[in-house]
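For reference, the structure discussed in these notes is given below.
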Amino acid sequence: MDTSFGVLFEHLTAGRFVGAVVIFTVTSFIVDFASKPSYPDSLPRVGHGKGFVASLRDHWSYFTRFQDWMQEGYEKHSKYGRLVVVPSSASRPAKIVIPQSQTTWMLEQPDSVIGTHEAHNDILYSEYNFLGKRLSDDVYHTRVVHKSIARALSALIPGTQEELKDSIDKVFGLDTEQWKSVNVWDSWLSIVPQVTNRMLIGADGHVNRNSALLESMVKFTDCVVQSSFLFCMFPKSLHPIVGPLLTIPNWIHYWRGAKHTLPVIQKRLDDMNKKAAGDPAYHDWLEPEDFITWTIRVARAEGNSFELQPSVIAKRLLPIEFAAIHTTTLTGLNMILDLVSSDLSLGYLEGLREEAARVFKEEGGKWTKNGLSRLYRIDSAIRESQRLSIFATTQVERKVVARSGITNPTQGWHAPYGSSLVLNWQGLHHDPDLHHEPERYDAFRYSNPREEYESRPAEQKDPAEALRLKKMGMVTTSDSHLAFSHGRHACPGRFFVAHELKMAIAYIVMNYDIKHINKKPEVQWMGQTVIPPLQARVEVRRRKGSVSRSYADGNNQDRKAE
Ligand code: HEM
């Protein structure tokens, strides 16, 4: 070969190739290290210390030690109102953990100073995982949920009830004689995606029950989790090279899902256009309340033609599937395991069952917003599980996006541009100074005071106290209860989830017996994320007399809509 390429290849031995890759990777790590924000030496820190070598050791230990570091930082510093620096993975800056006293200050900063979606994009490598920079730069889907879901809550209840009945009956079965052993994680992972997709794409042709669609959406969300772990291990400067490769499976699952969602989206666009144009055939037609309708409404109101493209709407579904599926599944899994591993003499299961049956009867067999708000015990049992059984050390992360950084006016410290600020979910939820006996699952922790208040004669009721007690409900966030985060970026899906999980638990306890287990399975941690007890099983049996009884008037059609 006499071309310059030929000359190059003649000199390219295996040893030289490996050497070049090693040099390139090490250089990338050094470039990465140098471009990360540098925190003042005066800030307390945990981990192996400062400097390049200590950072490499920190990155290495991140996957196994992060949870211990957060706990150590909480006990030594956060608890006393001081911030602390905790090491992170190779591609991320170390985290500045903000103490409880500065939470409100942090969350109230403008988005142009402390960014939320920039932090989410960094954690989730959204540009790659959610299929494009344009989609990740403008978190339009988040805006749509914030604007729409709370208003649509009442309209969403009947469909949610219907999907819960259908999916729970299928997963737990109808046999009133034999106990059935079910894998708890898999069960919730069969229930939640079907219900979530009813809220996202509606009931048209029961596509939301299509097993191929649901499988592709679950696999897509799995891919986001898996590739986020892999991204962590590569220096940021290598992401443009490895990113498109790591996320090939995301594209495949998107295409598989879009085969089913695109026709629904296209039909909705046509229907809404005809209705808007005054087509008489659409005079009585009502837009279904679901994410597809909301996204079209917001795009029209904003005059945003990009967001009206069917393929863009199909892609906008993905981050919401991600936000909803694993979070709700993990919460349901923990809730069931906390409940069935509790001391039987405490009577939690019977207490929940009594409440569910009583309120459901008062409601005439169809849930309403008002009825669901009276499920104090179920609400408390879920909130308490969210307090105790966290599934990340922190879920609240922010990025300093002001070029000049930010200075805390009370404590005087400065966080430079690019700093990662987090709240310590683990420490705050398990602090004995904030929660009495924090390691105990006390299912009725929040409902006992509410029920006691309700039982008082009218003259002993005080509206101020009623308001304080109402804030013990599971959708209320605070600087010591961060399951849904706190502040203006707190999870906008929580109002829907509260309804969904309350209806699910009510349905389960009314219709099934569940055997007690002696001990809640242990969890493992990987970096800041929990590895849930995926193998945990419980035994369930349909309660006698409950099969013919109409606890939910849902449509129990078969899952397959193909
Ligand atoms: C039990 C289930 C859920 C839990 C525990 C949960 C928790 C959270 C948390 C901790 C955040 C981070 C907020 C922050 O950074 O400050 C969040 C954000 C978000 N969640 Fe949820 N979530 C759940 C279900 C859902 C559902 C069902 C939806 C959709 C309907 C949803 C939509 C969102 C969205 C759009 C955001 C971004 C909010 C923003 O950046 O302003 N979540 N969620």
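The values are calculated or read from the model by the stated rules, or taken from the named source; none is laboratory data. From a predicted model like this one, the values you see are computed outputs, not experimental measurements. All Cβ positions, even for glycine, are placed from backbone atoms using ideal geometry, and neighbour counts span all protein chains on display.
Annotations for the structure displayed:
- Meets criteria (in contact with a Ser or Thr (Cβ under 9 Å, 6 or more places away or on another chain), assigned to a helix (DSSP H, G or I), among the polar types (S, T, N, Q) and under 19 Å from GLN411 (Cα atoms)) for GLN71: no
- Any hit, the stretch 116-123, residues being among the hydrophobic types (A, V, I, L, M, F, W, C) and touching a Ser or Thr at 6+ places or on another chain (Cβ under 6 Å): no
- Selection status of HIS146, within 10 Å of the ligand (Cβ to nearest atom), buried (at least 20 other Cβ atoms within 10 Å of the Cβ) and not aliphatic (A, V, I, L, M): no
- Any hit, the stretch 445-467, residues being more than 30 Å from GLY159 (Cβ to Cβ), of a type in the set (Asp, Glu) and within 16 Å of the ligand (Cβ to nearest atom): no
- Within the stretch 161-190, if we keep just the residues that are in contact with a helix residue (DSSP H, G or I) (Cβ under 9 Å, 6 or more places away or on another chain) and charged (D, E, K, R), the residue that is farthest from the ligand (Cβ to nearest atom) turns out to be LYS180.
- Remark: pairs (first residue in the stretch 253-279, surrounded by fewer than 19 Cβ atoms within 10 Å (Cβ to Cβ); second residue at pLDDT 95 or above and aromatic (Phe, Trp, Tyr); Cβ separation under 6 Å; 6+ apart in sequence or on different chains) = LYS274/TYR282; LYS275/TYR282; LYS275/TRP285.
- Residue among SER447, SER485 that is among the polar types (S, T, N, Q) and touching a Ser or Thr at 6+ places or on another chain (Cβ under 6 Å): SER447
- Scan of the stretch 102-150 for residues that are in contact with a Pro (Cβ under 9 Å, 6 or more places away or on another chain) and in a loop (DSSP other than H, G, I, E, B), ordered by number: PHE130, VAL139, ILE149, ALA150
- Considering the stretch 469-485, the residues that are more than 10 Å from the ligand (Cβ to nearest atom) and in a loop (DSSP other than H, G, I, E, B) include one that is surrounded by the fewest Cβ atoms within 10 Å (Cβ to Cβ), namely LYS471.
- Residue in the stretch 77-101 that is nearest to the ligand (Cβ to nearest atom), counting only those that are of a type in the set (S, T, N, Q) and part of a helix (DSSP H, G or I): GLN100
- Lone qualifier among PRO533, PRO521 - being surrounded by fewer than 19 Cβ atoms within 10 Å (Cβ to Cβ), in contact (Cβ under 8 Å) with a residue 24 or more places away in the chain and either within 16 Å of the ligand (Cβ to nearest atom) or under 25 Å from ILE320 (Cα atoms) (or both): PRO533
- Test result for HIS516, surrounded by fewer than 19 Cβ atoms within 10 Å (Cβ to Cβ), within 12 Å of the ligand (Cβ to nearest atom) and either among the polar types (S, T, N, Q) or in a loop (DSSP other than H, G, I, E, B) (or both): no
- When the stretch 151-160 is filtered for residues that are aliphatic (A, V, I, L, M) and either assigned to a helix (DSSP H, G or I) or within 10 Å of the ligand (Cβ to nearest atom) (or both), the ones remaining, listed by number, are LEU153, ALA155, LEU156, ILE157.
- Residue check for PRO99: closer than 24 Å to ILE30 by Cβ and in contact with a helix residue (DSSP H, G or I) (Cβ under 6 Å, 6 or more places away or on another chain): no
- Residue among LEU333, LEU349, LEU372 that is within 16 Å of the ligand (Cβ to nearest atom), more than 19 Å from the chain's Cα centre (by Cα), part of a helix (DSSP H, G or I) and in contact (Cβ under 8 Å) with a residue 12 or more places away in the chain: LEU372
- Taking the conditions (1) more than 13 Å from TYR376 (Cβ to Cβ); (2) basic (Lys, Arg); (3) away from the ligand (no atom under 12 Å from the Cβ) in turn, ARG488 satisfies each one other than (3).
- In the set (1) out of contact with any Asp or Glu (no Cβ under 7 Å at 6 or more places or on another chain); (2) more than 18 Å from VAL298 (Cα to Cα), the condition left unmet by ALA150 is number (2).
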